[in-house]
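Scroll down for the structure; my scribbles are underneath it.
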Amino acid sequence: MAYDKFEVLTSTAYPLPIENVDTDQIIPARFLKATERVDFDINFFRDWRYNADGTPKADFPLNQEKYAGSKILVGGRNFGSGSSREHAAWSVYDFGLRCVISSAFADIFKNNCLNVGVLPVQVSAPFADKLFNAIEADPKTEIKVDLPNQTVTLVATGESESFDINLYKKDNMLNGFDDIDYLKNIEGEITEFAANRPF
Amino acid sequence: MATTLFDKVWDSHVVRHVQDGPDVFFIDRHFIHEVTSPVAFLGLESRGNSVLYPNRTFATADHNTPTMNQHLPVADALSANQLNALERNAKKHGISHWGLGDVNNGIVHVVGPENGITLPGATIVCGDSHTSTHGAFGAIAFGIGTSEVEMVLSTQCIMQSKPKAMRINVNGKLGLGVTPKDVALYIISKQTTSGATGYFVEYAGDVFEDMTMEGRMTVCNLSIEMGARGGMIAPDQKTYDYIAGRAQTPKGADWDKAMKYWETLSTDEGAEFDAEFNYDAADIEPMITYGTNPGMGMGVTKDIPTAESVEGGVDTYRKSLGYMDFHEGDTMIGKKIDFVFLGSCTNGRIEDFRGFCSIVKGRKKADHVTAWLVPGSHKVVDQIKAEGLDKIIEEAGFVLREPGCSACLAMNDDKIPAGKLSVSTSNRNFEGRQGPGSRTLLASPLVAAASAVEGVVTDPRTILNANA
Ligand code: SF4
């Protein structure tokens, strides 16, 4: 699935300081019935965004005008736990977000994000708190995520932290490539390997 | 050098190591179902790729299927559309397909082992996080996303960084009424939902050695709920006895050749793990969860802990109890329940139905409780009938439904209504997991059965002791 290249992103951010946000909240199972990738933005955080009667919940950050248009989400610890549904990462991307920042991610969610063009940025817990505090003090707080230099910075104060990403995945994100391009190029090596499997 | 079981299986599947990147990791067996595969096939086709090894992928319909009247056309148009897409894609690409009503149909993680597709030392993936179930056979098995489903279809490989290795040892003897589900919920309550993030877990010690294959599957299934990529148990005679003679298991000379490999599959003495934990079987009680993640569990006789006494943020903890409409210090025993769900890839196997029946036999379902008993596969249904468990179920006032994921994720009609409280043998108690607004207590089939007959959360030991 092609996605737009990611280099440097400067944006305000939606804060979601809740721990263990699971993929059933990000995209509830009843919205997984599509056979194409459509409408996942609409149902992103469906049950936290909307009341049962379909009216938006005014106090949920994704509905608040002061954060509208942000391309970054700052989430609580252990973000994306639960199911392997890539629909969760699609809904993040399709909602218009390109980066999720948290002090810890669930593994499968993190992989899925990288595969669909959403950059998961893991920061220290104190730095995550700093981000939450800054956003609370000023919803227009800008955060700069610099992939080539692997840094995340609070623009106003210049406070910064570096983050990890393996070089291969970084290269993919910078160029908008994905793994299938790579794997298809070494198909001969794969079929040779397969021929020697015991079953 | 002394190496771990995990190292042995992982390293033997690395096609190549990408410099400063992940491993190109070969996949022996791939399961697909209707929910996470359609977009992968679209991607495959839009790139003009074909399925590289159709005989290494297996399709079964389970997530979206009705659990009553499966002989009728599926009423929900969107579900029917997904089921059709699975069938069409499988047929088009030469992949075996077990659709609704097929004798081999059932939940993907139940039918894989039943049909001998799951083998020791294999690498197994599926677009479902509970793929970790297959680790019970000494396989490396884990859930993947749809992009990766497409990778496996087109190249039989995925790009994966090797997780760290953790060993969890549980030694001693389990007490009365303590099942594999309780062992897993106990471990998760100690590890929290993120304690094993970044790790692949090996379970070792007497408790797992003594367990049946069904029990081992329940434990490995729940590995993902503490954040682990997967869990595995070294194969032994029980493993070989279970797989021998199944439809897709190697036979004759192929079996002998495979056995040579399988016999190497254990952790060497002195091998080092990145993390190791020891627990004592005697400390484990029948468990129950009280919050909105599987780490929020405790012995069924205990009281809900205070926010200050648990790890993690106080606000998140209180939000969770608020959703459940519970309070710090509440006793779980005696709480009135509305629903009971026996099923899922965690506890939808024959052993789970035997356990449930051992409690409800000669008793009656409480009138106000709605119970959904959903076997994991048609083979489980057949065995239930062969053992006469269906009679016990019926006499106790329960109804046996048809196989599928059902209320585990509530994609079909089996949804727990908003506000209702359910004792469920499945794997997730997330907000709304079993239907918008539903409240879930995760527990073993024994706790579910005892609660179903009493109508309130019940310690199964009271009934087991009365039976004795
Ligand atoms: S029973 Fe639940 S966890 Fe298991 S495969 Fe089905 S939906 Fe996934």
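Is it true that A:SER102 is among the small types (Gly, Ala, Ser) and open to solvent by less than 10 Å² (accessible area, probe 1.4 Å)? Give the steps one after another, and end with the answer.
Values: among the small types (Gly, Ala, Ser): yes; open to solvent by less than 10 Å² (accessible area, probe 1.4 Å): yes.
Spelling it out, A:SER102 is indeed among the small types (Gly, Ala, Ser) and open to solvent by less than 10 Å² (accessible area, probe 1.4 Å).
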message: From the list B:ALA141, B:ALA122, exactly one residue is within 16 Å of the ligand (Cβ to nearest atom) and of a type in the set (Gly, Ala, Ser). Which is it?
response: B:ALA141
Qualifying residue in the stretch A:109-116 (condition: under 30 Å from B:ALA40 (Cα atoms), assigned to a helix (DSSP H, G or I) and in contact with a Cys (Cβ under 6 Å, 6 or more places away or on another chain)): no
- line: Note on B:GLY48: of the conditions (1) outside any helix (DSSP H, G or I); (2) within 16 Å of the ligand (Cβ to nearest atom); (3) among the small types (Gly, Ala, Ser), unmet is (2)
- prompt: Listed residues B:MET232, B:MET296; which is in the same structural domain as B:ASN427 (by TED's automatic domain parsing), touching a residue at least 40 places away in the same chain (Cβ under 8 Å) and touching a helix residue (DSSP H, G or I) at 6+ places or on another chain (Cβ under 8 Å)?
  reply: B:MET296
message: Looking at B:LYS365, B:LYS385, B:LYS379, B:LYS391, can you tell me which residue is within 16 Å of the ligand (Cβ to nearest atom), more than 16 Å from the chain's Cα centre (by Cα) and not acidic (Asp, Glu)?
response: B:LYS379
- prompt: Of the residues B:LEU78, B:LEU100, which is open to solvent by 50 Å² or more (accessible area, probe 1.4 Å) and within 16 Å of the ligand (Cβ to nearest atom)?
  reply: B:LEU100
- prompt: Can you find a residue in the stretch B:263-271 that is within 30 Å of B:ALA449 (Cα to Cα) and more than 10 Å from chain A (Cβ to nearest Cβ)?
  reply: no
Qualifying residue in the stretch B:89-96 (condition: more than 11 Å from chain A (Cβ to nearest Cβ), in contact with a His (Cβ under 6 Å, 6 or more places away or on another chain) and under 30 Å from B:PHE208 (Cα atoms)): no
- request: Determine, yes or no, whether A:ASP24 is facing another protein chain (nearest Cβ under 8 Å) and either under 26 Å from B:THR192 (Cβ atoms) or within 15 Å of the chain's Cα centre (by Cα) (or both).
  value: yes
statement: Just one listed residue, out of B:LEU441, B:LEU409, B:LEU421, B:LEU446, is within 16 Å of the ligand (Cβ to nearest atom) and touching a residue at least 60 places away in the same chain (Cβ under 8 Å), and it is B:LEU409
- request: Can you confirm whether the stretch B:368-382 contains a residue that is surrounded by fewer than 24 Cβ atoms within 10 Å (Cβ to Cβ) and free of Cβ contacts under 8 Å to residues at least 12 places away in the same chain?
  value: yes
- line: Taking the stretch B:108-140 and keeping residues open to solvent by 10 Å² or more (accessible area, probe 1.4 Å) and facing chain A (nearest Cβ under 10 Å) leaves B:ASP128
- prompt: Here are some residues: B:VAL18, B:VAL14. Which one is over 29 Å from B:PRO235 (Cα atoms) and either more than 8 Å from every other protein chain (Cβ to nearest Cβ) or over 28 Å from the mean Cα position of the chain (by Cα) (or both)?
  reply: B:VAL18
- prompt: Quick one: would you say A:GLU142 is closer than 19 Å to A:TYR67 by Cα and more than 11 Å from the chain's Cα centre (by Cα)?
  reply: yes
- prompt: Is it fair to say B:GLY116 is within 16 Å of the ligand (Cβ to nearest atom) and of a type outside the set (Asp, Glu)?
  reply: no
query: Considering the stretch B:313-328 alone, what residues qualify as being open to solvent by 20 Å² or more (accessible area, probe 1.4 Å) and either aromatic (Phe, Trp, Tyr) or out of contact with any Ser or Thr (no Cβ under 7 Å at 6 or more places or on another chain) (or both)?
result: B:GLY313, B:VAL314, B:ASP315, B:THR316, B:ARG318, B:LYS319, B:GLY322, B:TYR323, B:ASP325, B:HIS327
field: Filter result (in contact (Cβ under 8 Å) with a residue 60 or more places away in the chain, under 26 Å from B:ASN64 (Cβ atoms) and within 8 Å of chain A (Cβ to nearest Cβ)) within the stretch B:143-157
entry: B:GLY143, B:GLY145, B:THR146, B:SER147, B:GLU150, B:SER154
- prompt: Tell me, which residue of the stretch B:394-404 that is touching a Ser or Thr at 6+ places or on another chain (Cβ under 8 Å) and open to solvent by less than 10 Å² (accessible area, probe 1.4 Å) is farthest from the ligand (Cβ to nearest atom)?
  reply: B:PRO403
field: Whichever residue in the stretch A:28-48 is among the hydrophobic types (A, V, I, L, M, F, W, C) and within 14 Å of A:TRP90 (Cβ to Cβ) and, among such residues, is nearest to the other protein chains (Cβ to nearest Cβ)
entry: A:LEU32
field: Failed item in (1) within 25 Å of B:THR155 (Cα to Cα); (2) in contact with a Cys (Cβ under 8 Å, 6 or more places away or on another chain); (3) not β-branched (Val, Ile, Thr), with B:HIS63 passing the rest
entry: (1)
Filtered residues of the stretch B:27-45 (kept if away from the ligand (no atom under 16 Å from the Cβ) and either outside the structural domain of B:ILE124 (by TED's automatic domain parsing) or not in a helix (DSSP H, G or I) (or both)): B:ILE27, B:ASP28
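The values are calculated or read from the model by the stated rules, or taken from the named source; none is laboratory data. Owing to the predicted nature of the structure, the values given are computational and were not obtained by experimental measurement. Using ideal geometry, Cβ is built from the backbone for each residue, glycine included, and neighbour counts are taken over all protein chains shown. Ligands, DNA and RNA are excluded from the accessible area calculation, which covers all protein heavy atoms including side chains. Shrake-Rupley method; radii C 1.70, N 1.55, O 1.52, S 1.80 Å.
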